[in-house]
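Working notes for the structure below.
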């Protein structure tokens, strides 16, 4: 399995001279495995660049097919779809997997980006066939040879994190999630806290995340805030790198990939965040990296 | 008048090593009149940098934001424009229609798209002004002109008594009536900031998309007899080298004219006199 990063930045895409090493595009990750349809996580501005690499194969012949996992629909995760070239070719087929939103379903949310007032190209000019599937947290399902399982993260609205397995390889992607000890802000969480009590809910939520990450080869995790920045912003829906490290260690993950870098962080700030996390992980077997645009990580599918 | 470019890229932000000289962020331009008063045209992601500067130290607590139109690339920076979260600040949004500007703000901040979960959660007061004709901001006189871009889109002639600037994005050059209106209003300006999304060969593929090619920008600049032309609103697929070539090509075409051509660049400050 090969995991390629096309956008690693959180909140909004941002171009600056001091962030070109890690990259300024917002979230988009491509997951490939031999013989499988392409799998894409998120349509931030990175998906425009990814799309431009597809425009000489089946996706311009109108024979392309891909599956798209939608984490959630905040701008930074969807603003690239209207610029994803393959969506404009008749004959291509994209299946979107997402949680239901109470306010509106995914097709309406995507169509909203094409309102005449806000975008020059109408939604129906996306000539590819778009199929929408609703998925439920903790329900395992198959996409060809991939096995997928989602969990609801701690972020405003409904945000899903995914575990994706292929043969013996597993990657887990948690793009946006806040400390459960500080805040319970996902849709339905307030009710759950009321029903089962705060401590029980927190224990159950934390255990669910650990269970989903257990033994994964790669955990791609929100690391938006520096340790000194999160104070007072715990309710903004994001983690620190050390929060990500704690989960990776608790779940015996092999490789932690710091992700969703804050837009205001220059490359040397991300370097420092990575160095801090590596020194906190020193002595263990866990490998720690920081996601860079264009980076590809190969996960072994045969552990023998 | 002073002009600072905070975002010059069209359609969608395109950050990366190949766009870092001209800049990858969507449009935002700041104007400062000779009396020191300021206003901003458009709030693409370039507005993030401006917002950070505006909230450092003791600056003005009132921001005037003129929107050319409501396409995402011209408003998407608003949820990340720092003054909008600060109690005691006031952001006044000027646009063709207060009603549609309000609905655009609702949509930008609505819970399916934004963790802010609604405009009611903003710290600043947001006010809406409708642009119905020429108006005054401090010493600056602003005259709106309808451009050619599908949805109602405004160009602005801006005068501060010392100098005249015309801001024209997004605009598809080529329609005679529209171009004449622009040329009339831009006449004699010291600087014309003009949509130059495409090269001419590209334009032939994207006719009707609401954007100009280099020659269309040059023609309007020459017809309006402006002193300087700033190419603006670059296509997201264009690299810095592409913009260099576009600029060279434009300069070569007007080598025997008085017109000076430059390419707008993020971070560039122009003194126009």
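Odds and ends about this structure:
- Criterion: under 23 Å from residue B:9 (Cα atoms), assigned to a helix (DSSP H, G or I) and touching a helix residue (DSSP H, G or I) at 6+ places or on another chain (Cβ under 6 Å) - qualifying residue of B:202, B:215: B:215
- Within region B:91-130, the set of residues being touching a strand residue (DSSP E or B) at 6+ places or on another chain (Cβ under 6 Å), under 22 Å from residue B:58 (Cβ atoms) and buried (at least 16 other Cβ atoms within 10 Å of the Cβ) comprises B:91, B:92, B:124, B:126.
- Pick from region A:96-109, criterion more than 7 Å from chain B (Cβ to nearest Cβ) and part of a loop (DSSP other than H, G, I, E, B), ranking: farthest from residue B:15 (Cα to Cα): A:102
- Top-ranked residue of region B:78-90 - restricted to ones that are in contact with a strand residue (DSSP E or B) (Cβ under 6 Å, 6 or more places away or on another chain) and in a helix (DSSP H, G or I), ranked as farthest from the other protein chains (Cβ to nearest Cβ): B:83
- Only one entry of A:112, A:197, A:145 meets the criterion of being more than 21 Å from the chain's Cα centre (by Cα), over 18 Å from residue B:112 (Cα atoms) and either within 11 Å of another protein chain (Cβ to nearest Cβ) or surrounded by fewer than 21 Cβ atoms within 10 Å (Cβ to Cβ) (or both), and that entry is A:197.
Table: residues versus (1) over 16 Å from the mean Cα position of the chain (by Cα); (2) farther than 22 Å from residue A:3 by Cβ.
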| site | (1), (2) |
| --- | --- |
| A:202 | yes, yes |
| A:206 | yes, yes |
| A:215 | yes, no |
| A:241 | no, no |
| A:260 | no, no |
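- If you go through region A:273-293 and keep only what is surrounded by fewer than 18 Cβ atoms within 10 Å (Cβ to Cβ), more than 14 Å from every other protein chain (Cβ to nearest Cβ) and within 12 Å of residue A:8 (Cβ to Cβ), you end up with just A:289.
- Residue that is nearest to residue B:64 (Cα to Cα), among those in region B:131-141 that are out of contact with any strand residue (DSSP E or B) (no Cβ under 8 Å at 6 or more places or on another chain) and surrounded by 14 or more Cβ atoms within 10 Å (Cβ to Cβ): B:138
- All of A:23, A:71, A:43, A:64 fail the test of being within 11 Å of chain B (Cβ to nearest Cβ), surrounded by 18 or more Cβ atoms within 10 Å (Cβ to Cβ), in contact with a strand residue (DSSP E or B) (Cβ under 8 Å, 6 or more places away or on another chain) and modelled with pLDDT of 95 or more, apart from A:23.
- Out of A:9, A:17, A:48, A:93, one residue alone is surrounded by fewer than 24 Cβ atoms within 10 Å (Cβ to Cβ) and within 14 Å of another protein chain (Cβ to nearest Cβ). It is A:17.
- Matching strands (runs of 3 or more DSSP E) fully within region B:26-68 where at least 3 residues are buried (at least 23 other Cβ atoms within 10 Å of the Cβ): B:28-32, B:62-66
Residue by residue, here is whether (1) assigned to a helix (DSSP H, G or I); (2) within 14 Å of chain A (Cβ to nearest Cβ); (3) under 23 Å from the mean Cα position of the chain (by Cα) holds:
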{"residue": "B:76", "(1), (2), (3)": "no, yes, yes"}
{"residue": "B:101", "(1), (2), (3)": "yes, yes, yes"}
{"residue": "B:108", "(1), (2), (3)": "yes, yes, yes"}
{"residue": "B:116", "(1), (2), (3)": "no, yes, no"}
{"residue": "B:120", "(1), (2), (3)": "yes, no, no"}
{"residue": "B:127", "(1), (2), (3)": "no, no, yes"}
{"residue": "B:149", "(1), (2), (3)": "no, yes, yes"}
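- Qualifying residue in region A:123-136 (condition: at pLDDT below 95, over 30 Å from residue B:74 (Cβ atoms) and surrounded by 16 or more Cβ atoms within 10 Å (Cβ to Cβ)): yes
- Filter result for residue B:261 (buried (at least 22 other Cβ atoms within 10 Å of the Cβ), at pLDDT 95 or above and assigned to a loop (DSSP other than H, G, I, E, B)): no
- Tally, over region B:51-67, of residues that are more than 13 Å from every other protein chain (Cβ to nearest Cβ) and touching a strand residue (DSSP E or B) at 6+ places or on another chain (Cβ under 6 Å): 5
Per-residue answers, yes or no, for (1) at pLDDT 95 or above; (2) closer than 30 Å to residue A:176 by Cα:
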residue	(1), (2)
B:104	yes, yes
B:111	no, yes
B:122	yes, yes
B:125	yes, yes
B:142	yes, no
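- Hey, residue B:167 assigned to a strand (DSSP E or B), in contact (Cβ under 8 Å) with a residue 24 or more places away in the chain, in contact with a helix residue (DSSP H, G or I) (Cβ under 6 Å, 6 or more places away or on another chain) and closer than 26 Å to residue B:65 by Cβ or not: no
- In region B:238-252, the residues that are surrounded by fewer than 16 Cβ atoms within 10 Å (Cβ to Cβ) and touching a helix residue (DSSP H, G or I) at 6+ places or on another chain (Cβ under 9 Å): B:249
- Test: residue in region B:232-255 that is part of a strand (DSSP E or B), touching a strand residue (DSSP E or B) at 6+ places or on another chain (Cβ under 8 Å), within 18 Å of residue B:173 (Cα to Cα) and within 14 Å of chain A (Cβ to nearest Cβ): yes
The values are calculated or read from the model by the stated rules, or taken from the named source; none is laboratory data. Source: prediction; values computed, not measured. Methodologically, a virtual Cβ is constructed for each residue, glycine included, from the backbone with ideal geometry; neighbour enumeration extends over all protein chains shown.
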